[in-house]
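I have placed the structure first, in the form of structure tokens, so that the comments after it can refer back to it.
The values are calculated or read from the model by the stated rules, or taken from the named source; none is laboratory data. Here the structure is a predicted model, which means the values were calculated and not measured. Please note: Cβ atoms are built from the backbone with ideal geometry, for glycine as well, and neighbour counts cover all protein chains shown. Heads up: the accessible areas ignore ligands, DNA and RNA and are worked out on the full protein's heavy atoms, side chains in. Shrake-Rupley method; radii C 1.70, N 1.55, O 1.52, S 1.80 Å.
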Amino acid sequence: GQQVMQIPQYQHVQEGEDFTTYCNSSTTLSNIQWYKQRPGGHPVFLIQLVKSGEVKKQKRLTFQFGEAKKNSSLHITATQTTDVGTYFCAGLYYYTGTASKLTFGTGTRLQVTL
Amino acid sequence: DVKVTQSSRYLVKRTGEKVFLECVQDMDHENMFWYRQDPGLGLRLIYFSYDVKMKEKGDIPEGYSVSREKKERFSLILESASTNQTSMYLCASSTDFRGGLAKNIQYFGAGTRLSVL
């Protein structure tokens, strides 16, 4: 079955430092999604990448999808305390013609201190 | 706004009990999912359903079953709860048929933290 690995498992940064989490799939993905889960909350969708080599930005967050569509990264520039949470990547796989499911990575927990 | 509602935030059950976790979504989504979340293991898919009365096993279906009698409702059943089923359970729904950003995105409920004693 599909496996999606994510590193690091945990990172602690000072506010203002940059942060990156990496995601690798054992198989080629249709697309990749990123979710954020705040402490005590549930995962919330951030973005979806579809094309090989795609790069998307959301303010201080930069998302990349690898050329082979098997890896992805999320980079946060100048972290803030509001960035605290666990970031999950999720690979999309089609199990019928149109129906899909996600395989989630193990997540990276980000802690930001002043 | 999409709303996915899970019936309980916290649940305490005894070993051997039959446990029902209920999930309701109000967006007419075709797909519904049950995950469990454990520290260091991420979200692991238990079962999913892409239509009423349809179900598919996920990655860790052992010890669980599901029911989807109506499109908006997806139930997770622990036939005989065991201590290793103590976990956070998350329900999600998605659609494959709308264009643009909404397609394939999963919307999660608040989760049910289940403790089996």
In whole Hz, with x marking every Gly and Pro, tabulate ³J(HN,Hα) for segment A:14-23 from phi via Karplus 6.51 cos²θ - 1.76 cosθ + 1.60, θ = phi - 60°. 7, 3, x, 7, 8, 9, 9, 10, 10, 9
Can you compute the modelled spin-label distance between A:T28 and A:Q14, with each label point 7 Å from Cα toward Cβ, in nm? 4.5 nm
Return the distance in nm (one decimal) between the two label points of a simple spin-label model at B:K18 and A:A68, each offset 7 Å from Cα along Cα→Cβ. 4.9 nm
Taking the Cα centre of each part, how many Å lie between segment A:38-91 and segment B:42-89? 27 Å
Could you check how many percent of all C-alpha pairs in chain B are farther apart than 19 Å? 42 percent
Using only protein heavy atoms and a 1.4 Å probe, how much accessible area in total is buried between B and A, to the nearest 100 Å²? 1800 Å²
Stretched out fully, how many nm does the piece from B:K53 to B:M88 gain, at 0.36 nm a residue minus the Cα gap? 10.1 nm
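How large, in percent, is the carbon and sulfur part of the accessible surface of the protein assembly as shown at a probe radius of 1.4 Å?
Values: 5570 of 10950 Å².
For the protein assembly as shown, the apolar C and S fraction of the accessible surface comes to 51 percent.
Which whole-number percent is the relative contact order of chain A (Cα, under 8 Å, 6+ apart)?
About 36 percent, as a whole number.
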Within segment A:14-52, list the residues whose amide N lies under 16 Å from a label point set 7 Å along Cα→Cβ of B:Y10. A:40-41
List the residues of segment B:42-75 for which accessible area in the full set of protein chains is at least 10 Å² lower than for the chain on its own; 1.4 Å probe, protein heavy atoms only. B:G42, B:L43, B:L45, B:F48, B:Y50, B:D59
Sorted from largest down, give the three principal axis spans of the alpha carbons of segment A:4-113, whole angstrom values. 45, 29, 22
With a 1.4 Å probe and every protein chain left in place, work out the accessible area per residue of chain B in Å², rounded to a whole number. 48 Å²
Lysine pairs in chain B with alpha-carbon atoms under 19 Å apart, 8 or more places apart or on different chains: how many are there? 10
Pairwise Lys count, segment A:4-113 - Cα closer than 23 Å, eight or more residues apart or different chains: 18
Quick one: dipole size for segment B:1-53, taken about the Cα centre, charges +1 on Lys/Arg Cβ and -1 on Asp/Glu Cβ, in debye to the nearest 20. 420 debye
